[in-house]
Every structure is written in structure tokens, then in C-alpha cells.
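*Asks:* Next up is a structure, given as C-alpha cells.
The values are calculated or read from the model by the stated rules, or taken from the named source; none is laboratory data. Keep in mind it's a predicted model, so treat the numbers as computed, not measured. No Cβ is skipped: glycine too gets one built from the backbone with ideal geometry, and neighbour counts run over all protein chains shown. We work out accessible area using only protein heavy atoms, side chains counted, and drop any ligands, DNA or RNA first. Shrake-Rupley method; radii C 1.70, N 1.55, O 1.52, S 1.80 Å.
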Amino acid sequence: MRPRQPNRTPAREKSPATILPEFFATAPGGPGLSGEIDGFGTGADGIVDGPAIFRGQRCGVACALLSQETMAIDPSPSITDFDRQQMAQLAAWTARQLGTTRQTPFCADVVETGTGRLVLRRLNAVAAEWDPSSHAEVRVLRATCKKLKTLSLKGHTLYTTCEPCPMCMSMALWSAVDRVVFGATIKDASRHCRQIYVPAKTVAKRSDMTCVVLGPVERVACVALFEDERMQAMMKTWRHAKPKAAPKS
């Protein structure tokens, strides 16, 4: 008779959700989406192309750790670990833009809901484009629709460092994203710049379109973007700036 083998419980392996933050925290270049993201696939206007980022070596290794099952986002109205991770990465990347010519506390991602794949990222570019509608959310949704050649972004989630204003939330509804996940609240932002006091969830509820709105997520990190000394100095000019005369044609 074969001797009875003792019960052995295999050591529990770390989940990808645990590995990923540790990987980015310890890899060269510091925490963030990837070490190459600052200069790889990024233009002067803060454009980040998802596929370009994923060609980066570090991000490629990290993403290989994540299967579609672990990256998948539950479509139910609840905040997931992936939501927190994605928002933390977005806030960290946005923080690295402070002190540059494109610094802003407002940044937004469009991510595939089912796989967690980053499609596009955009910063606010109101001043750079002389366009009051060039909010980060509007820019990234427009660009994603053009990139994918579609009028519907069903199957995608919008992540943004600040709760969308009514214009941006309306854009999210018209583009049919599944979910909107935000960091800082409108009230948080109102301490530093002008806001329209209509919550994103209220805009969604008053439409006949379906979109789950979740937040705040990683609120402390996103509020810190507004409170950075460099951003504070710039926002003072926003509050006191006089309209510039239109250039002569």
C-alpha cells in the first residue's frame, strides 16, 4: 500500500492585480503606466495613443501578466480594483505633466471595458486650442470615435481625473460609453476654478441613455493635482485673466 501523502497546500501566487502596482513601483522610471510613456506616443498637446504605449517594453511585460479574465471590468455599478489601479495610473501620469507647458489637472482615458486596454488619453487643451469645449473628456471621446471610425463607444469606459461637467457628461452619454469613473469631484475642483454645479450622475439620470457613473475614485491623488504649487500659480491666472483681443486678420 502506498504511504499516504501529506496534504500540501500550494503557496498562493500573487494575483496580477497585486503584481502590477509592485512592478511599476520598483521598475526604473518610478511608478506610473510605463517608463516610456512620458516621451513615447505622446505629443506636445498631451496626446497618448494606447497602442503606442503598449509597444513600450515595461508596459508590454506588465500587460502580459494580465489575462483578459483579470483585466475584465464588472459591468455592474460598482468600483473595482482595476478602476482604482487605472485611476491611480492616470493621476500619476497627469502629475508628471505638471511643470511642463501642457500642465493641467484634467486628463481622461478611454479604456476597453472588457479587456482593460487603454485606447487613448487626452489632456485638457482649452488654452492651447483656443476652444472652451476642449475639455479632456470631450477631446478623448472625439479622438476615440475618429480612431475607431464609430459613433458608439459601447464596450468602453471613460476614466477622468475630475468629475465631468455637464458638457463632458453629455458627450459621454452621446458616445454611449458603458461607464464613467472619475477622481476629484466638481466641488473639489470648484475650490480652484469655475464649475457648473450639476453632478455627472444627475445628468445621466435625466437622460434616456444608460451609463454607470462611479466616483470619486483615488480622490486624494486627483485633488493633489489641483493643489500642486505649480498648478495653483497657473489657476490664479485663469481666475484673473482678462480676455485677449482677437488677432487682426
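*Asks:* Scan segment 185-194 for residues that are assigned to a loop (DSSP other than H, G, I, E, B) and modelled with pLDDT of 95 or more and report the count.
*Replies:* 1
So that you can scan it fast, the table gives a plain yes or no per residue for (1) surrounded by fewer than 24 Cβ atoms within 10 Å (Cβ to Cβ); (2) in contact (Cβ under 8 Å) with a residue 40 or more places away in the chain; (3) touching a Pro at 6+ places or on another chain (Cβ under 6 Å):
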{"residue": "Glu137", "(1), (2), (3)": "no, no, yes"}
{"residue": "Val140", "(1), (2), (3)": "no, no, no"}
{"residue": "Ala143", "(1), (2), (3)": "yes, yes, no"}
{"residue": "Lys149", "(1), (2), (3)": "yes, no, no"}
{"residue": "Gly155", "(1), (2), (3)": "yes, yes, no"}
{"residue": "Tyr159", "(1), (2), (3)": "no, yes, no"}
{"residue": "Cys165", "(1), (2), (3)": "yes, no, no"}
{"residue": "Met169", "(1), (2), (3)": "no, yes, no"}
{"residue": "Val180", "(1), (2), (3)": "no, no, no"}
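*Asks:* Moving on. For segment 206-229, check the following and say yes or no: at least one residue is among the basic types (Lys, Arg), within 16 Å of the chain's Cα centre (by Cα), open to solvent by 70 Å² or more (accessible area, probe 1.4 Å) and modelled with pLDDT of 95 or more.
*Replies:* There is at least one residue in segment 206-229 that is among the basic types (Lys, Arg), within 16 Å of the chain's Cα centre (by Cα), open to solvent by 70 Å² or more (accessible area, probe 1.4 Å) and modelled with pLDDT of 95 or more.
*Asks:* Hey, another quick one. Every residue in segment 80-113 that is at pLDDT below 95 and closer than 20 Å to Arg179 by Cβ, please.
*Replies:* Matches in segment 80-113: none.
*Asks:* Something else: Search segment 195-218 for residues that are of a type in the set (D, E, K, R) and pair each with any residue that is crowded, with 19+ Cβ neighbours inside 10 Å when their beta-carbon atoms are under 7 Å apart and the residues are at least 6 apart or on different chains.
*Replies:* From segment 195-218, the pairs are Lys201/Val213; Glu218/Met87; Glu218/Ala88; Glu218/Ala91; Glu218/Gly183.
*Asks:* Further question on the same structure: Any chance you could count how many residues in segment 151-179 are among the polar types (S, T, N, Q) and touching a helix residue (DSSP H, G or I) at 6+ places or on another chain (Cβ under 6 Å)?
*Replies:* Taking segment 151-179 first, the residues among the polar types (S, T, N, Q) are 152, 157, 160-161, 170, 175.
Those still in the list that are touching a helix residue (DSSP H, G or I) at 6+ places or on another chain (Cβ under 6 Å) too: 160-161, 175.
Result for segment 151-179: 3.
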